[in-house]
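**Student:** This is the structure, below, for whatever I ask next.
Derivation of every value follows stated rules applied to the coordinates shown; laboratory data play no part. All values reported here derive from a predicted model rather than from experimental measurement. Positions of Cβ are backbone-derived with ideal geometry, glycine not excepted, and every protein chain shown enters the neighbour counts.
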Amino acid sequence: MTLPIKGRFAPSPTGKLHAGNIFAYLMAWLTVKSIGGSMVLRIEDLDPERSKRYFADGVMSDLERLGLTWDEGPFYQHDRDGAYEEAYEALAQRVDIYPCFCTRADLAAASAPHFGEKRVYPGTCKRLSASEAQDRMAAEDEPAWRISVPDEQVSFSDALQGQCSMDLATECGDFIIKRKDGAFAYQLAVVVDDAAQGVTSVVRGIDLLSSTPQQIYLQSLLGNPHPEYAHVPLLVSKSGRRLAKRDADASMEQMLERFGSPEGIIGHIAYITGMQPEDAPASPEDLLKSFDMSKLSEAWKGKISIPWE
Ligand code: GLU
């Protein structure tokens, strides 16, 4: 049985939208709409400290203004602990999940890693004996929980990046699926939600390419289908950094001033990324007519970033 085509917007409500997010969301929308699919909106507010309701509301109203429509949701990850717990239990039946007491920024390691920050866990806590682990559990604060990975290649075909292959043990390492603070980690939540929400198409920034093998591994263990992936280049500032909240010229407010309308913003992003030949206003609907993933994959070959200008 083939599943209906479904994509997703999965913003973390930890800040306002900027041109880089808009580019990735535009690509996600065009990818599924060009083949008759629908979009889900999922608010990834796993991190209670950093997620803010007003950012979620702001992102939704910006998406609406930009014509980046969704057909289902919003679904909030903060409502989904029961589903994550169930998946966690199922994984624990199948593979070794062990407590990790390592102090190095566990919280950061369990959040979506960003481009160029590949962390391979050296396996320190895997080597603890059961009694050592017991003693430390009694004496120390709550541990994080890591899932063991086998020494296996995970291969997938990315619609933009081509054939990708990574070794779980040497390139990913055992990774955190439950954080010290008790929150489930990004990798687990995203896999559970993509399956529950029927997501078949994942289009997102290339900074998350290195998370994909981990997600495919969890999907396989849980018996979930594998979505199709496309990882889009990042928009970067003049200094070559990925755009962030501090790049005020890429914020919605300043872009609205500069380009005059939501269509002006979309049209400019489409122009600098080579999706349309002129810097002219365009809605996502307008871009649909000429959208061609295989042409973009040719045009962006080997490109991991595109300058924001
Ligand atoms: N919530 C993540 C972010 O905004 C995206 C996760 C994903 O697309 O898998 O960076």
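**Student:** Which whole-number percentage describes the relative contact order of the chain, with Cα contacts under 8 Å and a sequence gap of 6 or more? Please list the in-between numbers first.
**Tutor:** Values: 532 pairs, mean separation 69.4, N = 309.
Normalised by residue count, the contact order of the chain is 22 percent.
**Student:** Divide by every residue of the chain the summed helix terms, -39500 (n - 2.57) for each DSSP H run of at least 4, and state the resulting mean residue ellipticity at 222 nm, rounded to the nearest 500 deg cm²/dmol.
**Tutor:** That calculation yields -10500 deg cm²/dmol at 222 nm.
**Student:** While we're on this one: Once amide H atoms are placed 1.01 Å from N in the peptide plane, what residues at a sequence separation of 5 or more from VAL232, or on another chain, have their amide H within under 5 Å of its amide H?
**Tutor:** ARG204, GLY205, ILE206
**Student:** Shape call for the chain from the C-alpha gyration tensor, a ≥ b ≥ c root eigenvalues: rounded (a/c under 1.5), prolate (a/b greater than b/c) or oblate?
**Tutor:** Prolate.
**Student:** How charged is the neighbourhood of VAL191? Take every other residue with its Cβ under 13 Å from the Cβ of VAL191, and add Lys/Arg as +1 and Asp/Glu as -1.
**Tutor:** Around VAL191, the charge tally is -1.
**Student:** What nm distance separates the two modelled labels at CYS164 and GLU278, each placed 7 Å from Cα along Cα→Cβ?
**Tutor:** Rounded to a tenth, the inter-label distance reads 3.6 nm.
**Student:** What are the ³J(HN,Hα) couplings of the stretch 20-26, residue after residue, when phi is run through the Karplus curve with 6.51, -1.76, 1.60 and θ = phi - 60°? Round to Hz, x for glycine and proline.
**Tutor:** Coupling constants for the stretch 20-26: x, 5, 4, 4, 5, 5, 4 Hz.
**Student:** Something else now. Among DSSP beta bridges whose residues both lie in the stretch 198-309, state the antiparallel percentage, nearest 5.
**Tutor:** Bridges in the stretch 198-309 that DSSP calls antiparallel: roughly 10 percent.
**Student:** Bins of 10 Å, beginning at zero and ending with the bin holding the largest distance: percent of Cα pairs per bin for the stretch 1-55, please.
**Tutor:** Bin by bin from 0 Å, the calculated values are 23, 43, 26, 8, 0.
**Student:** In debye to the nearest 20, how big a dipole does the stretch 122-265 give about its Cα centre with +1 on each Lys and Arg Cβ and -1 on each Asp and Glu Cβ?
**Tutor:** 280 debye
**Student:** OK, next. Give me the lysines in straight-line cross-link reach of LYS6: C-alpha distance below 17 Å, same-chain residues under 8 apart excluded.
**Tutor:** Partners found: LYS33.
**Student:** Show me, for the stretch 256-269, the HN-Hα J-couplings you get by feeding each phi into the Karplus relation (A = 6.51, B = -1.76, C = 1.60, θ = phi - 60°), rounded to Hz, glycine and proline as x.
**Tutor:** 4, 5, 6, 9, x, 6, x, 5, x, 5, 4, x, 5, 4
**Student:** While we're looking at this one, here's another question. Run the simple label-point estimate for GLU152 and ALA139 please: 7 Å along Cα→C-beta, distance reported in nm.
**Tutor:** Between GLU152 and ALA139, the simple spin-label model gives 3.6 nm.
**Student:** Just to be sure I understand: of the beta bridges DSSP finds with both ends in the chain, what percent are antiparallel, rounded to 5?
**Tutor:** Of all bridge pairs located within the chain, approximately 50 percent are antiparallel.
**Student:** Let me ask you something else. Please give the length that would be gained between ALA92 and MET293 if that part of the chain were fully extended, namely 0.36 nm times their separation in residues minus their C-alpha to C-alpha distance (nm, one decimal).
**Tutor:** Values: separation 201, 0.36 × 201 = 72.36 nm, distance 3.86 nm.
Going from the current span to full extension adds 68.5 nm.
**Student:** Let me ask another. Leaving out same-chain residues fewer than 8 places away, which lysines sit with a Cα under 17 Å from that of LYS52?
**Tutor:** Partners within reach: LYS16, LYS245.
**Student:** Excluding residues fewer than 8 places away in the same chain, name every one of the lysines whose C-alpha is closer than 26 Å to that of LYS126.
**Tutor:** LYS118, LYS178, LYS180
**Student:** Quick check on the stretch 23-90: take the gyration tensor over C-alpha atoms, sort the square-rooted eigenvalues as a ≥ b ≥ c, and tell me if it's rounded (a/c under 1.5), prolate or oblate. List each step's numbers first, then the result.
**Tutor:** Working: a/c = 2.76, a/b = 1.42, b/c = 1.94.
In terms of gyration-tensor shape, oblate.
**Student:** Regarding the stretch 168-309, what are the three Cα extents along the principal axes, ordered largest first, in Å?
**Tutor:** Dimensions of the stretch 168-309 along the principal axes of its Cα atoms: 47, 33, 29 Å.
**Student:** May I pose another question? Relative contact order, percent, of the stretch 131-219 when contacts are C-alpha pairs under 8 Å separated by at least 6 residues?
**Tutor:** Value for the stretch 131-219: 27 percent.
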